[in-house]
Every structure is written in C-alpha cells, then in structure tokens.
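Asker: Mind having a look at this structure? Questions to follow.
The values are calculated or read from the model by the stated rules, or taken from the named source; none is laboratory data. Worth saying up front: this structure is predicted, and the values here are computed from it rather than measured. Cβ sites come from the backbone with ideal geometry, for glycine too, and all protein chains shown count toward neighbours. Quick note on the areas: whole protein, heavy atoms, side chains included, nothing else; ligands and nucleic acids left out. Shrake-Rupley method; radii C 1.70, N 1.55, O 1.52, S 1.80 Å.
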Amino acid sequence: YHTKGVLLLTATPEQLGKESHFARLRLLDPDRFPTFQQFVEEEENYEPYAQVIEDLLNNKPLTKDDISLIKTTIDEGDNTSLLATVSGDPDEDDVRQARIELVEHLLDRHGTGRVLFRNTRSAVKGFPDRALCAYPLELPAQYKDNADTHGLLTPETGYQKSDPAQHWTQIDPRINWLSKKCAELYPDKILVIAAHASTALDITQYLKTQTGLHATAFHEGLSIVERDRAAAFFADHETGSQILVCSEIGSEGRNFQFAHHLVLFDLPINPDLLEQRIGRLDRIGQTNTISIHVPYLTDSAQDICFRWYDEALQAFQHTCPAGHSVYKRVQHDLEQALNTSHQTDESSDTIDALIEKSKTLYLELSQSLQRGRDRLLEYNSCRPGIAQDLKRRTDTEDNAEQLAEYMENAYDCFGIDNEIHSENCFIITPTEHMVSHFPGLPEDGMTITYDRNIALSFEDAHYITWEHPLTNNAIDLVLTNELGNTSVTAADYDGVKAGSVLLECLFSLESAPIEELQTNRYLPPTMIRVVCDERGADHDARLPHAVINDKRQFVDKGVGNKIVKAKKKILKAMLQRSEKYGELKSVKVLQHAHEYATDVLSKEINRLTALSKVNPNIRADEIQYFEKQLSMLTEVIDAANLRLDAVRVIVAT
C-alpha cells in the first residue's frame, strides 16, 4: 500500500541541525531534494530574492540591483508592465496592487514554498509579552555534594537518594518560596513545571498538606484520561485548583493560555525544552503578559544555567530559535561550567567568557536565520492579501447568528435539552422525550459554545461550527428524516387568486462527493427552489421562502388532507412542471460549475507549464495531475443528480 500524501508538522524544524531538516524534506519529495549540498546552495541563492520581495512589500523604492535581478527572472509581458508600474506613487491603488502581483510572480519562481510552509511568531503577531521574575535563593549545605550535571540542575533528586531520612522539601528554600508566592498570587492560576514526576508529586503533596493550597499533579504516570481530568480541573475557574504542578511532560502539547503565571521550579539544559515550557502559556489566546517566575539556587549550577539563558540567549523574555544551535556548539563548555561546584575568581571568569561567547554566537545565528530562505518562506506561507480575505470571511461567519438559531431549532425538534452554562456557553443533554438517538451527543451531555474566543480559553467547551460533527449529524438527521419534508400551510399572497394553491418544491443538485477531486469545491450541494402556481408559472422570485415563513397560517391536519385530495390532479401536474423548472435552473448551475473548474484548473495548468521553463522544481507529473483532475471533474459534474427533497402546498388567502 502506497500513501498518496504525507504531511509533516514540526515546531522546531532545525532543532537537530540543517541535515535533519533536509532529511524530512527528502522524505516528502526525494526528487525535489536529491542532495544536501544542492539544498544548501539553493538556499544561498534565495537571499537576494528575499530582499527584493521585502522592498516590494514595504513600499521601498527598488534599487538598480533589484530591478536587474527582477529583469533576469521574468520575461512575460504582464510582468514587464508590472515592473514599470511599481516605480509610481506607492500610495496609489494600482501601484500597490502591482507590487503584490510582482511578489506573487517572484514567489512562484523561487524558494521551497511549494512544498514547505513556515510561519514564525514575528510574522503571525498577536502574541503576549513576557516578564521575567527572578528569585535568587541560598543554596542549602546538604545540596553541595551532588556531582552529576543534571543532578545539579535538579538537586532534590540526588539528595533524596543519599538521605532518605530527611525529605528534600524540608531543606529546599524553593518550596517555602513557592508556598508564599502561590498564596500571594491567589486566586490567579499558576502553572508549575519541574523536570521529574517525583518532584511534581512531592510539591503537590507538600502544598496540600502543609499550606492548604489546592494543587493538582500532572505527570507521565497518569493515563490519558487522568491527564485530561487534571487539565480540566485546572481550567475550571470556579471550583478548580489554583495550581497545576507538571513534570516535563506538561511542557509538551498542552495549552494553558488561560493562566499567566508560570513557575519554572528548575531549568532544563536544552533551550528548546525551556521554550516548550514557556509555550504552554505563551500562545495565541493568551490575553495577559506572562509572568515567568524562576527561583534558583545561588552559587550552583542553577545559577549558571539561569545566567546563560538570561544574559546570553535572552530566552525568558523572547523566543530564541537559534538557542539549540548555540547549545550544541558550547555544550561541552557549558556542562563543564555547570559541574563547577564552587565559584572561584578563575571559574567566574570562565563562566563570563562562556556567556559572552554564547551571546556572540546567538546574535550571529539569529541574524543568519532572518536572512534568505526563512524570509522567502515566510512571505510564501502567509500572503497578506489572501490572509486578510480569509480573516474577513471568518469574522463574518463568526458574527452570524444563523448557526445558533438552526441548532436551537434542531435541539427542540429532536427533544434535546439546551440550557445556559455561562455567558455564550450552553449545556445540551438528551431527554426522555428525545425522538431518536442523536449521533455525537453523549448520554451525560456536552458543553458547547458558538463563540471562538470562549472556545480558545475554555477547552472543555466544544466549539460548534457548520463543520462540527454535531452540526453535520443534525443536518443529516433533518435531511434523511421523512418527518417535515411535506406540509400544507396558508399564506396571504396577492400574486394569485384567493383560494388557489401553489406548490413550493425544494430540489437538491449534487455531484458524487469524490474527495480526491474536491468536487464540492466546484459544485457544492445546491438547493434549487421552485414555487409553481396552478397555471404553471414560477413565483420563486416574487414569493421568497422567508416571506412564506413570516406570513404562514396554521392549517389543521384534516383540512390539509382534504385540500390535497381535492387538488390531487392539479398538484401532480404542478409537480411535473416544477421538475422541468428545476432542470432548467440546474443547467445554469452546472454551467457555472464547469466554468469555475475550468477557470481554476486551467490557470494552474498554464501557470505550472510556464513555471516549468524557469523553475526546475516543477515536475511534469504535477501538470498531468491537474489535467487529469479537469477531465474527471467534467464527467462528474455532468453526472450530477437533481433530487426532490421537500414540497409544501400553499393555500393563497
């Protein structure tokens, strides 16, 4: 069995070096990335193009070098005209648009952006600030005999093994400091991270028994369900715990952006691990400045490690993407410095030199990361025009109340209880009056919200959208249930004689949902509506669906049956007429779907064909793929079916 596609996701693409990053790219596409040397040379050639793109996006005048570079890259007529336009006033709309289009052309021809996307914090924006709060504490005499490097960073583990009679919490000043700090910050949520599960459990036990503070432990010894419960208990602002004490596993994968106090009970030796810890709070959805509390023992490895992070890498106040590279280069010297039990003048000079060397390396590597391929990738990964349009459409969708109204009607129809949990948050539960089993709804109910901001801060609440399984299940139940697909009503309408009937028909036009072809993109399930009178005329435009719902009058079931029987022959003729109207309307829909598919795919085929002449990254099978898609889509769209979904008899009054 051959996988059709592979998607790799990483937050640290070059953590293990550029060779590791290249290995992942080669796994994705060995033809596109044949050798590491070629990959490196290709990267070096991207830097001048990145500079040109930056000048274009920032409305800077193009230099002679920029113009020469562009001219050697493009030879199409429209591109030449764009180059002439961008030299005008940058505040004019046509000049601004020309700059954007020229950027699009350059991105098409260069870079790895067709198979690789990278977004950085600096490009995404909206992240919170960080505030470092450091607390130097005196090193207990009992800790001075530990020799292991990592044991020096977590001295409580080595001490507990050497002296089981006295618990480390009785002599470690960090414990008393933590107790006072948590009481001081009450009721603010506090995330505490330590390296080992045993340390996390000891801290939790101490806080519960010695201080009365409510703390919850989160470590690798818990099952997935138990971890979920611990995280949910911490997230509960009303009755949950104030403190969550995590082992190192707490710095991976969990989001606690509702808290803004982080206590680093110890420091990891790897900068990426430190960033992962801070990243539990420093993420999209965090609304406060993050206070990073670092208690460390003076005249110890913790002191040196703290200084290295703070002075050399500035790792607490800012993200440091180059941190791991610096660590790999100075690892031996750093570990030697950490193993220095007592600081002398000589060792102090060595540590200062290490910090200065690391700082210089960090600045050099950080500047290198800001150049060339990184910026080219950044531009390609988030194109502002497309991104702004997506944001605008998302905001419009979020602000619409149609979904909430639809789901509330569905709950009412199927016998589901819907009660308020908190502001813009609801609890839905099955009732004994539920018509049938509602797929996706647990027996004990679920907490839901239609508000994106609430969903981001309250992870236990399901964010209900049109794509959510609960919504899809509700729609499927409505569409597949015969109840409600026929009805009789009366409405005040002067478009026909009083006492005559109209037949409202809802047809569904849809193609076979082939995921590989993305058929729903070009021909989504489309409703075609026809309102036919007794003479065969269509009143769809003059009598909208919403108007009927506003003006409708209740018709008794018995009376409705009599009307249908009395008008049986004419209703059959009206139905046949409606089907013809539906078929005529469907022709326009299918024609539009054909034009849209041809327009989208033909443009892509022509674009790739042109690019293949200047960009060796374009493969022939990519072009053939889109040509095959266009051919198959034409057949699928032509085979679309028109299906009658619902009818309503309307008596004009």
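Asker: Sort 415-428, 289-302 by the packing proxy (mean of other Cβ within 10 Å over each peptide's residues), most packed first.
Answerer: For the peptides 415-428, 289-302, the packing ranking is 289-302, 415-428.
Asker: Okay, moving on. Sum -39500 (n - 2.57) across every DSSP H segment of at least 4 residues in the chain, then divide by the residue count to get the 222 nm mean residue ellipticity, nearest 500.
Answerer: Calculated at 222 nm, the ellipticity per residue is -15500 deg cm²/dmol.
Asker: Amide H neighbours of residue 296 under 5 Å, counting only residues 5+ apart in sequence or on other chains, H built in-plane at 1.01 Å?
Answerer: Amide H to amide H, under 5 Å and 5 or more residues apart or across chains, residue 296 pairs with 135, 137.
Asker: Further question: Residue 569 label point, 7 Å along Cα→Cβ, cut-off 19 Å on backbone N: hits in region 499-540?
Answerer: Within reach of a label on residue 569, which here means backbone N under 19 Å from a point 7 Å along Cα→Cβ, region 499-540 contributes 500-503, 533-537.
Asker: So, one more: Set the Förster distance to 60 Å, then compute FRET efficiency between residue 598 and residue 561 from the Cβ-Cβ distance, nearest 0.05.
Answerer: Efficiency for this residue pair is about 0.75.
Asker: Which whole-Hz ³J(HN,Hα) couplings does region 296-311 yield from phi under the Karplus relation 6.51 cos²θ - 1.76 cosθ + 1.60, θ = phi - 60°, glycine and proline marked x?
Answerer: 3J(HN,Hα) across region 296-311, in whole Hz: 9, 8, 5, 6, 8, 4, 4, 4, 5, 4, 4, 4, 4, 5, 6, 8.
Asker: Taking every DSSP beta bridge with both residues inside the chain, roughly what % is antiparallel (nearest 5)?
Answerer: The antiparallel fraction comes to roughly 50 percent.
Asker: Which whole-number percent is the relative contact order of the chain (Cα, under 8 Å, 6+ apart)?
Answerer: 12 percent.
Asker: Continuing with this model, one more query. What are the lysines whose alpha-carbon lies under 21 Å from the alpha-carbon of residue 60, with same-chain residues fewer than 8 places away excluded?
Answerer: Straight-line reach from residue 60, under 21 Å: 71.
Asker: Same structure, new question: Pairs 125/359; 557/580; 4/588; 64/328: which are spaced more than 31 Å apart, C-alpha to C-alpha?
Answerer: Over 31 Å Cα-Cα: 4/588; 64/328.
Asker: Ordering 551, 562 by accessible area with a probe of 1.4 Å, largest first, what comes out? Present the calculation step by step, with values, prior to reporting the outcome.
Answerer: Working: 551 100, 562 150 Å².
Result, largest first: 562, 551.
Asker: Give the lysines whose C-alpha is closer than 21 Å to that of residue 144, dropping any in the same chain fewer than 8 places away, or say none.
Answerer: Partners within reach: 161.
Asker: Dimensions of region 209-354 along principal axes (Cα, Å, largest first)?
Answerer: 54, 36, 29
Asker: Follow-up question, since we're still on this one. Whole-Hz ³J(HN,Hα) for each residue in region 379-388, computed from phi via Karplus 6.51 cos²θ - 1.76 cosθ + 1.60 with θ = phi - 60°, x for glycine and proline: what do you get?
Answerer: Each residue of region 379-388 in turn: 5, 6, 6, 9, 8, x, x, 5, 5, 5 Hz.
Asker: With a ≥ b ≥ c the root eigenvalues of the C-alpha gyration tensor of region 542-587, is it rounded (a/c under 1.5), prolate (a/b larger than b/c) or oblate?
Answerer: Values: a/c = 3.91, a/b = 1.27, b/c = 3.08.
Oblate shape, in that a/c is at least 1.5 and b/c is the bigger or equal ratio.
Asker: Grab the beta carbon distance between residue 328 and residue 64, set R0 = 56 Å, and tell me the FRET efficiency rounded to 0.05.
Answerer: 0.85
Asker: Turning to a different aspect of this structure: Using θ = phi - 60° and the Karplus curve 6.51 cos²θ - 1.76 cosθ + 1.60, what whole-Hz ³J(HN,Hα) does each residue of region 22-33 get, with Gly and Pro shown as x?
Answerer: Per-residue couplings from phi come out as 5, 4, 5, 5, 5, 5, 5, 8, x, 5, 6, 10 Hz.
Asker: Something else about it: Sort region 217-294 into rounded, prolate or oblate with this rule: let a ≥ b ≥ c be the square roots of the eigenvalues of the Cα gyration tensor; rounded if a/c is under 1.5, and if a/c is not under 1.5, prolate when a/b is larger than b/c, oblate otherwise.
Answerer: Oblate, since a/c reaches 1.5 and b/c is not below a/b.
Asker: What are the lysines whose alpha-carbon lies under 30 Å from the alpha-carbon of residue 585, with same-chain residues fewer than 8 places away excluded?
Answerer: 497, 551, 565, 567, 568, 569, 572, 603, 628
Asker: Pull out a ≥ b ≥ c, the square roots of the eigenvalues of the alpha-carbon gyration tensor of the chain, then state rounded if a/c is under 1.5, prolate if not and a/b is larger than b/c, and oblate in the remaining case.
Answerer: oblate
Asker: Then there's this: Which angle from 0 to 90°, rounded to the nearest 10, does the C-alpha axis of helix 173-185 make with the longest principal axis of the chain?
Answerer: 40 degrees
Asker: Then there's this: Spin-label point model (7 Å from Cα, Cβ direction): what's the residue 404 to residue 97 distance in nm?
Answerer: That separation, rounded to one decimal, is 3.8 nm.
Asker: With N residues in region 605-653, what two-decimal value do you get for its Cα radius of gyration over 2.2 N^0.38 Å?
Answerer: Against the empirical 2.2 N^0.38 Å value, I get 2.27 for region 605-653.
Asker: Could you sort the peptides 229-236, 481-488, 92-99 by per-residue average Cβ neighbour count (10 Å cutoff), highest mean leading?
Answerer: Packing order, densest peptide first, comes out as 229-236, 92-99, 481-488.
Asker: Mind pulling the angle between the C-alpha long axis of helix 323-338 and the longest principal axis of the chain? Nearest 10 degrees, somewhere in 0 to 90.
Answerer: 30 degrees
Asker: Return the FRET efficiency for the residue pair residue 40, residue 624: r is the Cβ-Cβ distance, R0 is 25 Å, and the value is rounded to the nearest 0.05.
Answerer: On the way: r = 30 Å, r/R0 = 1.22.
The value I calculate is 0.25.
Asker: Accessible surface of residue 552 in the full protein assembly, 1.4 angstrom probe, to the nearest 10 Å²?
Answerer: Result for residue 552: roughly 130 Å² accessible.
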